[in-house]
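Notes for the one structure printed next.
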Amino acid sequence: MTKDNNDPQKQAELQAKLSAMMRSLAMMEGSSGGPKPMNEHRFWNTQPVTKHGEEVSQIGPIEPSVPVDQVPKDPPTLPKEFEWCEVDVTDEAQLKELYTLLTLNYVEDDDAQFRFDYSAAFLKWALQPPQWRKSWHVGVRVAANKKLVAFISGVPADIRTYDVTTSMTEINFLCVHKKLRSKRLAPVLIREITRRSHLEGIFQAAYTAGVVLPKPVATCRYFHRSLNPKKLVECNFARIPPKWTLARMIKHYKVADQPGISGIREMVEADVPQVRELLNKFLNRYDVAPVFQTDDDVKHWILPHKDVVWTYVVENPETKKITDMFSFYSLPSSVINNPKHKTLNAAYMFYYAVDIPEEVKSNEEEEQKFLKKRLTELAKDAMTYARKAEFDVFNALDLMENSLFVQDLKFGPGDGLLNFYLYNWQIPDVSKNKVGLVML
């Protein structure tokens, strides 16, 4: 590392440069635009959500639940050329249809250079947790040729908001074919997944969006860490900073060849009970977080899945106790019209947990020092493993305790923001470092 990289001013300048480099990804992941007036939200103005400017002091439903037998039995009406369907992700042909729809029509940057490229394996993992429901994988097809042109999904989740744990539906993968964006299918899809959720007796939901809707309970920023600067430059995803050479850039972002923490290893199935206990205990620090109710939940979401999610634990060699864990998942992007590269491999920080010593917990300042040191070590090793797995960039939101390590580990702040929302559930606003929910 060159001498001037230790200069705080130089570090700040470099962070600004990296932020500009990562602009394309930030555009894909979120928007920094402000809220529109409520009367311009034709759909959300009719829904049980917290309104812009509304101050909330209590926790609970906005509208009461209704008996399941009073929930409409029929879906909302579609334009006559379309029909409802359920997408069976256990069927390879239908999974491929969904993959194709998302690959060609899901989130992309404003310059149409990069587009999220969820793999089929990722979609199966994301859509089939314990207690998943086929009826919550909702599609719209063209009636004439049966082509899949729109989709929305829900999966069950137990989410704690402050001290209240609620069964909710996590909504994701809302996608409408580019040529049909004027048909206003998105609100109809949301109404239908809501109806199907109500039929199962669940009246609350969680979701995220880059756009500002009524009303975020929290807003987080993306941070990005280059792992493969040469490829990022070749993809036009990053630029070499002024007065730098590519060699200098590569040297600056080089990560360790081997992990630095003693006792670190890949998580195995036998670790599931310990990891569940450690993770749930750590997530109690946050105002919004999932509750992993069963070992099966951890086995599905946290245990490594080939090419989808990577998880590592730190085990005390004497006591065999797991003291730390961290995980990251793969969400590549297609590189559009690039002669050299077709895919940009991005790793995203997922869940982590640290066993905080009792003697540290009683002093907030000491606890923060301990967490900063330990999480910096863990995140550093996460990047080592990610680089070994041939990821090009490592991404993290500034939720949980991520702000403790992003600057020291040379992450750059992106321009994109991710907003967290709850449907038919009101809570006081949550600061971003009190968000413990990571949504795909």
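The values are calculated or read from the model by the stated rules, or taken from the named source; none is laboratory data. Small disclaimer: the values here were computed from a predicted structure and weren't measured. Every residue, glycine among them, receives a Cβ derived from its backbone with ideal geometry; neighbour counts consider all protein chains shown. Accessible surface is based on the protein model in full, side chains and every heavy atom, while ligands, DNA and RNA are left aside. Shrake-Rupley method; radii C 1.70, N 1.55, O 1.52, S 1.80 Å.
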Once both axes come from the Cα atoms, what is the angle between helix 272-283 and the longest principal axis of the chain, in degrees from 0 to 90, rounded to 10? 90
Express the accessible area of the chain per residue in Å², computed with a 1.4 Å probe while the remaining protein chains stay in the model. 45
Leading residue at positive end of dipole, the chain (Cβ point charges), from Trp125, Ser431, Gln58: Trp125
Cα axis of helix 92-105 to longest principal axis of the chain: angle in degrees, 0 to 90, nearest 10? 70
Provide the FRET efficiency to the nearest 0.05 for the Arg42-Lys134 pair, computing r from the beta carbons and using R0 = 45 Å. 0.90
Looking at the range 326-440, send over the antiparallel percent of its DSSP beta bridges, to the nearest 5. 65
Grab the DSSP H runs of the chain that are 4 residues or longer, score each as -39,500 (n - 2.57), total them, divide by all residues and round the 222 nm result to the nearest 500 deg cm²/dmol. -8000 deg cm²/dmol
Whole-Hz couplings from phi, Karplus 6.51/-1.76/1.60, listed for the range 66-74; x for Gly and Pro: 10, x, 4, 6, 9, 6, x, 7, 10
Residue by residue through the range 319-326, the couplings from Karplus 6.51 cos²θ - 1.76 cosθ + 1.60 with θ = phi - 60°, in Hz, x for Gly and Pro, are 8, 6, 7, 7, 9, 8, 8, 8
Label the range 50-160 by shape, choosing from rounded, prolate and oblate, from the square roots a ≥ b ≥ c of the eigenvalues of the Cα gyration tensor; if a/c is under 1.5 it is rounded, and otherwise prolate applies when a/b is larger than b/c, oblate when it is not. prolate
Once Lys and Arg are counted +1 and Asp and Glu -1 for all other residues with Cβ under 13 Å from that of Asp287, the total becomes +2
Everything considered on the Cα gyration tensor (a ≥ b ≥ c; rounded for a/c under 1.5, else prolate if a/b is larger than b/c, else oblate), the range 204-348 must be described as oblate
Suppose every Lys and Arg Cβ carries +1 and every Asp and Glu Cβ carries -1, with no other charges. What dipole size does the chain come out with about its Cα centre, to the nearest 20 debye? 1720
Within the accessible area of the chain, what % is carbon and sulfur when the probe is 1.4 Å and the other protein chains stay in place? 50
Taking Lys369 as the anchor, which aspartates and glutamates have their alpha carbon closer than 20 Å to its alpha carbon, excluding any fewer than eight residues away along the same chain? Asp324, Asp355, Glu358, Glu359, Glu377, Asp381, Asp398, Glu401, Asp408
Under 12 Å from the Cβ of Asp271, count the other residues' Cβ atoms, weight Lys and Arg +1, Asp and Glu -1, and hand me the total. -1
With labels modelled as points extended 7 Å from the Cα through the Cβ direction, what inter-label distance (nm, one decimal) is found for Arg181 paired with Thr343? 2.7
Give me the angle, in degrees from 0 to 90, between the Cα long axis of helix 185-199 and the longest principal axis of the Cα atoms of the chain, rounded to the nearest 10. 80
Counting other Cβ atoms within 10 Å of each Cβ, which trypsin sites (Lys or Arg not before Pro) in the range 211-289 have at most 10 and sit in a DSSP loop? Lys243
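Just to be sure I follow the definition: excluding the sites themselves, where is the longest run in the chain that has none of the GluC sites (Glu not before Pro) in a DSSP loop with at most 12 other Cβ atoms within 10 Å?
Value returned for the longest uninterrupted segment is 82-317.
If contacts are Cα pairs under 8 angstrom and at least 6 residues apart, what is the relative contact order of the range 336-440 in percent?
So the answer I get is 33 percent.
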Interchain or long-range residues, amide H under 5 Å from Phe350's placed H: Ser327, Phe328, Tyr329
